[in-house]
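Presented below is the structure to which this report refers.
Values quoted throughout were computed directly from the atomic coordinates according to the rules given, and no laboratory measurement underlies them. Quantities reported herein were computed from a predicted structural model and do not represent experimental measurements. All Cβ positions, glycine included, derive from the backbone under ideal geometry; neighbour counts span all protein chains shown.
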Amino acid sequence: MNEEQARIDDLPARSLVGKKVTDIYHVDDGDSPVIQCLASGKAIKGVACYYRTWTGKIVNSIHNVFPLFDDRKLLGAICFIQDFSIIEQRFESVFQPEKIKNLQTGTSKAGRQKGRPHKNGTRFRFEDIIGTSRELMDSVDMGRLAAQSASPVMIYGETGTGKELLAQSIHNAGPRQSENYVAVNCAAIPE
């Protein structure tokens with residue numbers, strides 16, 4: 001178990017070396033993608049898992065498990081996990097009535113003048129987006145979720161629909177907001 005997985009599960013990684021999956025987690029053999037992979041010798045991909053750690057923490061994640069072989073002998077399995085608990089928490093915070101009202105009225109908690117340049121090269125934040133249509137609100141909600149990911153984001157849409165406004169807002173709501181914003185115009189990429 002690596003340090004990040006130990007952090008997600010509130011477990012001391014060093015004390016887990018040599019332990020079985022069932023010694024660490026409250027799982028039945030049929031419920032664990034790792035145990036399923038070890039039993040079948042086949043990869044288990046994209047399995048949504050909702051589990052409770054020994055400390056009682058609930059974790060919602062996607063698992064991709066791959067068998068490890070040496071000379072056709074199954075040695076173990078490696079599991080790649082994407083923790084969705086954080087995204088779930090952020091998603092719930094997006095739907096707080098006060099935040100939705102601020103988005104609809106265009107007010108900013110920081111009291112910053114809209115469109116004013118930031119040190120990272122951007123001008124806009126989610127608070128600068130004004131509108132009440134369901135489509136716009138859905139786009140803002142998805143943008144807030146995308147902001148929590150370390151992955152690049154591609155925004156596709158017609159000219160004049162606010163793609164740059166949304167892109168800058170995503171950057172400014174994410175973990176790299178203090179770094180320079182880099183936009184790549186993909187107009188040359190064929191559909």
Worksheet, complete the sentence: Fewest to most Cβ atoms within 10 Å: F66, F124 sort as F66, F124
Item to complete: Among G41, F80, V21, pick out the residue whose Cα is farthest towards the positive end of the charge dipole of region 3-83, where Lys and Arg carry +1 and Asp and Glu carry -1 on C-beta, about the Cα centre.
Response: G41
Discussion item. Rounded to whole Å, give me the distance from the Cα center of region 1-63 to that of region 117-191.
Written reply: 34
Worksheet item: What is the distance, in nm, between label points placed 7 Å from the Cα along the Cα-to-Cβ direction at H118 and at N64?
Response: 2.9
Worksheet item: What order do you get for I81, I130 when you list them from fewest to most C-beta neighbours inside 10 Å?
Response: I130, I81
Discussion item. If I take all pairs of Cα atoms in region 3-83, what percentage of them are more than 21 Å from each other?
Written reply: 25
Worksheet item: Between R72 and T55, 0.36 nm times their residue separation minus their Cα-Cα distance comes to what?
Response: 2.4 nm
